[in-house]
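Read the structure below first, then the notes.
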Amino acid sequence: MAILWALMAALLLSFVLLPVLRRRRGMIEQVHPSHPDAADPADYGFVREEDLDIRMPGPDQDLLDVLDVVQRTQDYRAASQLLAGTEIAGELRWQRVQAFAGAAALELKERPGGVSETPGGQWLRVWRAEQPKDAGGAAVHAEFLVQQAWRTSVPGTDDFRIIMEEARDACGQAALLSPGDPVPYIIELSVARGLHYPQPEFEQLWLRILDRAPTHMGAHLAALHYWCEKWHGSRELAYSFAEAAAARAPQGSLLAAMPLFAVFEHLPEVNLVVSFYQSEVVTKAVHGALHAVHSARQDDPMLAHVRHLLVFFLVRSERWAEAMGELIQVDGHVGALPWTLSANPAAEFALFRALAVAGYEANGGSPATLHS
């Protein structure tokens with residue numbers, strides 16, 4: 001928890017000191033407090049920037065409670081019990097495996113260990129040693145190795161390859177322990193990207209996932225990376241993959257939002273004008289995502305992911321009222337795209353939120369009209 005508080009303090013300091021936040025995809029100026037369009041997000045009941053939770057896209061109190069116990073006591077058993085009670089083929093299990101692996105990786109980064117210090121994440125090593133046939137522990141270990149490869153090594157180097165090959169073996173072990181579980185294969189999608197699986201081998205891996213969880217949104221998002229132009233595909237292949245997923249999406253499935261993620265993955269690394277965000281390709285993808293979120297179950301674990309990306313596109317296209325409608329649904333948690341691409345996720349989210357509020361009020365909106 002000390003890591004989280006230190007990071008939040010750094011984010012708050014950076015927001016106070018920097019009037020302009022550099023974004024991965026360009027520059028957006030903040031609205032100055034004296035500007036006539038300036039407005040206070042607090043008037044809408046939004047969470048203060050320093051209190052935004054950067055760990056998850058939306059609430060999962062059971063996970064937070066277990067993470068607190070595990071990190072405070074360094075006892076893995078609560079994590080094992082939580083995963084054992086989580087539906088195997090559901091989105092929530094995949095998110096929780098990622099969260100536990102990420103927590104162990106961050107602990108290790110903070111406390112790499114030494115002569116007189118136990119390394120961080122020791123609870124995961126003990127988990128694997130004491131419960132080698134625990135499918136949840138095996139999956140968390142495989143995901144931990146994947147995250148370590150991307151965090152600590154450079155793709156293409158021997159170090160990266162060695163860790164990724166170990167992760168591939170760990171995925172195989174996890175799959176043997178839970179034959180119907182898609183999670184080990186979803187983890188391997190990242191391995192496939194890092195180790196440059198040829199397309200036929202990647203497609204065989206993808207078929208194993210479809211056999212187990214054909215509408216798994218998290219799996220589709222992980223597979224999309226492989227088909228993107230910056231990895232092993234192209235813009236056309238990524239769009240085709242996303243549109244095919246949306247076309248076969250059953251009623252109420254968030255897969256209808258996949259084209260919006262494909263558009264986001266191929267935004268040019270320049271400051272794009274508003275006309276781009278109002279173009280036909282973006283507008284169509286946004287409409288598909290809006291339809292998806294309004295049709296989905298409100299307890300769908302992936303709903304917050306789609307809403308966060310919608311906030312980004314709706315603000316950039318100056319659709320202020322719709323952006324505010326999504327903000328009130330996700331405010332408080334910012335552990336999702338696009339904010340996690342920034343070094344300061346909370347500040348990035350707060351900036352877009354302030355722009356949405358300013359645009360909304362400049363066009364006649366108010367707290368009273370938003371909640372009416």
Based on this model, can you work out whether D299 counts as without any contact (Cβ under 8 Å) to a residue 24 or more places away in the chain and either of a type in the set (G, A, S) or surrounded by fewer than 24 Cβ atoms within 10 Å (Cβ to Cβ) (or both)?
yes
Every residue from region 310-321 that is in a helix (DSSP H, G or I) and surrounded by fewer than 19 Cβ atoms within 10 Å (Cβ to Cβ):
A321
Residue under question is A289, and the condition is that it be within 16 Å of P57 (Cβ to Cβ), open to solvent by less than 10 Å² (accessible area, probe 1.4 Å), modelled with pLDDT of 95 or more and assigned to a helix (DSSP H, G or I); does it hold?
yes
Considering only region 331-365, how many residues are open to solvent by 10 Å² or more (accessible area, probe 1.4 Å), among the aliphatic types (A, V, I, L, M) and within 21 Å of Q61 (Cα to Cα)?
1
Filter region 260-277 down to the residues that are touching a Lys or Arg at 6+ places or on another chain (Cβ under 9 Å) and in a loop (DSSP other than H, G, I, E, B), then identify the one that is modelled with the highest pLDDT.
H266
Whether any residue in region 133-155 is without any contact (Cβ under 8 Å) to a residue 12 or more places away in the chain, over 23 Å from the mean Cα position of the chain (by Cα) and open to solvent by 10 Å² or more (accessible area, probe 1.4 Å) is what I want to check.
no
Which of the residues that make up region 48-86 are within 20 Å of the chain's Cα centre (by Cα) and assigned to a loop (DSSP other than H, G, I, E, B)?
L52, I54, R55, M56, P57, G58, P59, D60, T86
Unique residue being assigned to a loop (DSSP other than H, G, I, E, B) and either of a type in the set (D, E, K, R) or buried (at least 22 other Cβ atoms within 10 Å of the Cβ) (or both) when the list is D181, D211
D181
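Suppose we keep only residues that are more than 23 Å from the chain's Cα centre (by Cα) and part of a loop (DSSP other than H, G, I, E, B) within region 184-206. Which one would you say is farthest from Q147 (Cα to Cα)? Can you show your working first?
So in region 184-206, the residues more than 23 Å from the chain's Cα centre (by Cα) come out as 197-201, 203-204.
If we keep only those that are part of a loop (DSSP other than H, G, I, E, B) as well, we get 197-198.
On the way: Y197: 18, P198: 22 Å.
Per the criteria, the residue is P198.
Suppose we filter region 235-259 for residues that are assigned to a loop (DSSP other than H, G, I, E, B) and open to solvent by 30 Å² or more (accessible area, probe 1.4 Å); how many remain?
Let us first name the residues in region 235-259 that are assigned to a loop (DSSP other than H, G, I, E, B), namely 248-253.
From the residues that got through so far, the ones that are open to solvent by 30 Å² or more (accessible area, probe 1.4 Å) too are 248, 250-251.
Total meeting the criteria: 3.
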Which ones in region 40-70 are more than 20 Å from V334 (Cβ to Cβ) and either in contact with a Phe, Trp or Tyr (Cβ under 8 Å, 6 or more places away or on another chain) or at pLDDT below 85 (or both)?
V70
List every residue pair whose Cβ atoms sit under 9 Å apart, with the two residues 6 or more apart in sequence or on different chains, where the first one lies in region 97-124 and is on the phi > 0 side of the Ramachandran plot and the second, anywhere, is modelled with pLDDT under 85.
G113/P119; G113/G120
Pair list, Cβ under 7 Å, 6 or more apart: region 192-207 residue over 16 Å from E166 (Cβ atoms) and open to solvent by less than 30 Å² (accessible area, probe 1.4 Å), other residue of a type in the set (S, T, Y) and part of a helix (DSSP H, G or I)
F202/Y226; L205/Y185
For region 322-343, how many residues meet the condition of being assigned to a loop (DSSP other than H, G, I, E, B) and of a type in the set (D, E, K, R)?
1
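Restricting attention to region 106-117, does a residue exist that is over 30 Å from R297 (Cα atoms), surrounded by fewer than 22 Cβ atoms within 10 Å (Cβ to Cβ), among the hydroxyl-bearing types (S, T, Y) and touching a Lys or Arg at 6+ places or on another chain (Cβ under 9 Å)? Lay out the reasoning, then the answer.
As a first pass, look at region 106-117 and keep what is over 30 Å from R297 (Cα atoms): 106-117.
Still in the list and also surrounded by fewer than 22 Cβ atoms within 10 Å (Cβ to Cβ): 106-117.
So of that shortlist, the ones also among the hydroxyl-bearing types (S, T, Y) come out as 116.
Filter again for touching a Lys or Arg at 6+ places or on another chain (Cβ under 9 Å), leaving none.
No - not one qualifying residue is present in region 106-117.
One line per residue, one yes/no per condition, for (1) at pLDDT below 95; (2) at positive phi; (3) not aliphatic (A, V, I, L, M):
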position	(1), (2), (3)
V293	no, no, no
L310	no, no, no
R319	no, no, yes
T340	yes, no, yes
N344	yes, no, yes
Filtering region 260-277 down to residues that are over 19 Å from the mean Cα position of the chain (by Cα), without any contact (Cβ under 8 Å) to a residue 40 or more places away in the chain and surrounded by 13 or more Cβ atoms within 10 Å (Cβ to Cβ) yields F276
Being in contact with a Ser or Thr (Cβ under 7 Å, 6 or more places away or on another chain) and in a loop (DSSP other than H, G, I, E, B) is the filter here, so list the residues in region 214-225 that pass it.
T215
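Confirm whether Q173 is within 22 Å of W231 (Cβ to Cβ), open to solvent by 10 Å² or more (accessible area, probe 1.4 Å) and either assigned to a helix (DSSP H, G or I) or hydrophobic (A, V, I, L, M, F, W, C) (or both).
Details: within 22 Å of W231 (Cβ to Cβ): no; open to solvent by 10 Å² or more (accessible area, probe 1.4 Å): yes; either assigned to a helix (DSSP H, G or I) or hydrophobic (A, V, I, L, M, F, W, C) (or both): yes.
No: the conditions fail for Q173.
Could you say whether any residue in region 166-175 is on the phi > 0 side of the Ramachandran plot, small (G, A, S) and without any contact (Cβ under 8 Å) to a residue 60 or more places away in the chain? Quick ask: steps written out before the conclusion?
Step one: list which residues in region 166-175 are on the phi > 0 side of the Ramachandran plot, which gives none.
No, there is no match, as no residue in region 166-175 is on the phi > 0 side of the Ramachandran plot, small (G, A, S) and without any contact (Cβ under 8 Å) to a residue 60 or more places away in the chain.
The values are calculated or read from the model by the stated rules, or taken from the named source; none is laboratory data. Only a predicted model underlies this, so the values are computations on that prediction, with no experimental measurement involved. As a convention, Cβ positions derive from the backbone with ideal geometry for all residues, glycine included, and neighbour counts pool all protein chains shown. Calculation scope for accessible area: heavy atoms of the full protein, side chains included, ligands and nucleic acids excluded. Shrake-Rupley method; radii C 1.70, N 1.55, O 1.52, S 1.80 Å.
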